[in-house]
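First the structure, in the form of structure tokens, and then the observations on it.
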């Protein structure tokens, strides 16, 4: 009898409240993950600043042209993912499909141009080991490859989102997966912009 009275006094969580709490939890976890990634890259760029005092540091490094192109491409990724998120809230499934696939294509192009950037450095005899300025090139390799590794995680999550979208798991009342994906891709975009500008100005 007492247990029944106690249960009656405990308010039951509605479905909307449960969804809202779940969404906050996932976003908080993703937020913590992004903070830890930011700290890692802050450490790398700090090490770059300290290493600039080395006598073998390359002072006249120029960013390869493909890195400029990849910067424009990843900005396009953020725009297309934002449009996908907005479209799902309007239940515009055809636009969501188009924008998610466009994000996948642009993400692949970003990785392609990053690799082309490495090839451009090789053509200029800029190797990460041996020779003058090798430490500078090594830093660039580590920073860019680390970002590409995080991009790989974004591509995997994007493929899962696209799969779930085609399974019709998202709609105006359930947008969490796309929202989380958009958060991460915006983070990748901002992170690369920071890294690109850092490498451009702090030579």
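The values are calculated or read from the model by the stated rules, or taken from the named source; none is laboratory data. Remember, it's a predicted structure, so these values are computed and weren't measured experimentally. Reconstructed Cβ throughout: ideal geometry from the backbone, glycine too, with neighbour counts over all protein chains shown.
Identify all residues within the range 99-150 that are without any contact (Cβ under 8 Å) to a residue 12 or more places away in the chain and closer than 30 Å to residue 171 by Cβ; write none if there are none. Hit for the range 99-150 is 105, nothing else. Total residues in the range 69-92 satisfying the condition of being out of contact with any helix residue (DSSP H, G or I) (no Cβ under 6 Å at 6 or more places or on another chain), over 16 Å from residue 183 (Cβ atoms) and free of Cβ contacts under 8 Å to residues at least 40 places away in the same chain: the figure is 2. Figure legend. Inter-residue proximity from the range 169-190: first residues touching a residue at least 40 places away in the same chain (Cβ under 8 Å), second residues outside any helix (DSSP H, G or I), beta-carbon distance below 9 Å, spacing 6+ or different chains. Indicated pairs: 171/91; 172/90; 172/91; 176/170; 178/170.
All of (1) within 20 Å of residue 197 (Cβ to Cβ); (2) surrounded by 19 or more Cβ atoms within 10 Å (Cβ to Cβ); (3) more than 13 Å from the chain's Cα centre (by Cα); (4) at pLDDT 95 or above hold for residue 68 with one exception: (2).
Does the range 51-70 hold any residues that are farther than 17 Å from residue 134 by Cβ and either in contact with a strand residue (DSSP E or B) (Cβ under 8 Å, 6 or more places away or on another chain) or not in a loop (DSSP other than H, G, I, E, B) (or both), and which are they? Can you show your working first?
Applying the first criterion (farther than 17 Å from residue 134 by Cβ) to the range 51-70 yields 63, 65-70.
Answer for the range 51-70, where residues must be farther than 17 Å from residue 134 by Cβ and either in contact with a strand residue (DSSP E or B) (Cβ under 8 Å, 6 or more places away or on another chain) or not in a loop (DSSP other than H, G, I, E, B) (or both): 65, 66, 67, 68, 69, 70.
Of the residues making up the range 123-165, those that are in a helix (DSSP H, G or I), modelled with pLDDT under 90 and surrounded by fewer than 13 Cβ atoms within 10 Å (Cβ to Cβ) number 1.
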